[in-house]
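One structure is given here, and the rest of the page talks about it.
Just so it is clear, none of the values below were taken in a lab; they were calculated from the coordinates. These figures come from a predicted structure and were not determined experimentally. Please note: Cβ atoms are built from the backbone with ideal geometry, for glycine as well, and neighbour counts cover all protein chains shown.
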Amino acid sequence: MENKIERPYILLTPGPLTTSDTVKEVMLKDWCTWDKEYNELVQSMRDKILNIGVKNKEEYTTILMQGSGTFVVESVIGSSIRREQDKILIIVNGVYGKRIVEIANVLGLSSVEMNFGETSEVNLELLKKMLETDKEISHVAVVHCETTTGRLNPIEKISKIVKKYNKLFIVDAMSSFGGIDIRIDDLKIDFLISSANKCIQGVPGFGFVVANKKSLEVCKGNAKSLSLDLYSQWDTMEKSGGKWRFTSPTHVVRAFYQALLELEAEGGVTAREERYTKNHDLLVNGMRGLGFKTLLQDSEMSPIITTFYSPKSSEFSFEKFYKLLKEKGFVIYPGKVSESDTFRIGNIGEINSKDMERLLKSIVECLYWKLCL
Ligand SMILES: *Cc1c(COP(=O)(O)O)cnc(C)c1O
């Protein structure tokens, strides 16, 4: 695709990410929050989101919520966990799982953390044992793609266990929904959370929840925050035909609608996953060819973002590497794993094989001249 809007660089970061010109262009018009045309667009958007992950649409609904992804996670945790009756088990193997623990702590909720470490998989046997022994647990939360490392947690297997013990299931699918096929109703997920600026390829400003209606109804009157009240937000959207409770990020919403149309035009989630996987494979093979090592094994990685060890040479400077690549038109991501020295490269957004090939060429140039050493 020809770019009309000047791109000094592309974002190889997992959100905000590189968006298409057409997504950016629709933001050039102003929108009013109570206007019928705008509210109808919101309703259509909610329906399109539902279509992506749910077959049985009667049982599920979509709620949109202002803020970055974390706000939406906080709204789900704060609205669904009741102070006296409930206890949430949080599966952690990265920064985003840990963030759910922090949210539960700040809100003063009863919680238990199962932390496997940033580079380890979820131990399903331990999860079973935990649910077997701690009868107070009512909810289980897990991050699907742990963006800290790029690891994909096995939500299919986790769901089987969670549902065997009859618990509510919360999935932070922030960085995977729209880029990896997730069958929300088959997996019996009660609350799935994602945001505008990840795999749907919109711009930042709001997030959304695909919720089981029965589980959502229990949230009534249970929020610990006025603005992050998931039930009230849903109630208003339903009763007022697509109105948000407070000012909505109108331009961002319009851009997201365009992004949804572009996802459909690309061929839906399957086609998008294929493109991301191709980006990922090209990147990993190319980087390995240059001597870089990935943090995770092939079987653990997602097509979303890839973590590489920084070269062992004590002279390697990520800052220099980052700066040079930015000058060449690529913004990469610092590492987030505390145990090792790493950096990350995102595979998502309006980018393709050609961009990955250009990136690899630029990395070769950096290394050849030992510019980053
Ligand atoms: C991006 C992301 C979030 C939300 O982060 P924000 O900075 O609040 O948008 C949450 N969980 C995961 C797994 C993410 O990748």
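Quick look at the numbers
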quantity: Amide H contacts under 5 Å for THR119, placed H, 5+ residues apart; calculated: none
quantity: DSSP bridge orientation in the chain - percent antiparallel, rounded to nearest 5; calculated: 55
quantity: Distant-in-sequence amide H partners of SER111 (H built 1.01 Å from N, under 5 Å); calculated: ILE88
quantity: Per-residue ³J(HN,Hα) for region 182-187, Karplus 6.51 cos²θ - 1.76 cosθ + 1.60, θ = phi - 60°, Hz, x for Gly and Pro; calculated: 10, 8, 4, 6, 4, 7
quantity: Too-long pairs where the Cα-Cα distance tops 32 Å, listed order kept, from LYS160/LYS293; LYS160/LYS278; LYS160/LYS243; LYS48/LYS160; LYS57/LYS243; calculated: LYS160/LYS293; LYS160/LYS243
quantity: Charged-residue dipole, Cβ positions (Lys, Arg, Asp, Glu), region 149-294 about Cα centre, Debye nearest 20; calculated: 500
quantity: Inter-part distance where region 1-75 and region 235-265 are each reduced to a Cα centre, Å; calculated: 7
quantity: Cα centre as origin, Lys/Arg/Asp/Glu Cβ charges: region 22-264 dipole, Debye; calculated: 320
quantity: Alpha-carbon Rg/Rh ratio, for the chain, with Rh computed the Kirkwood way; calculated: 0.98
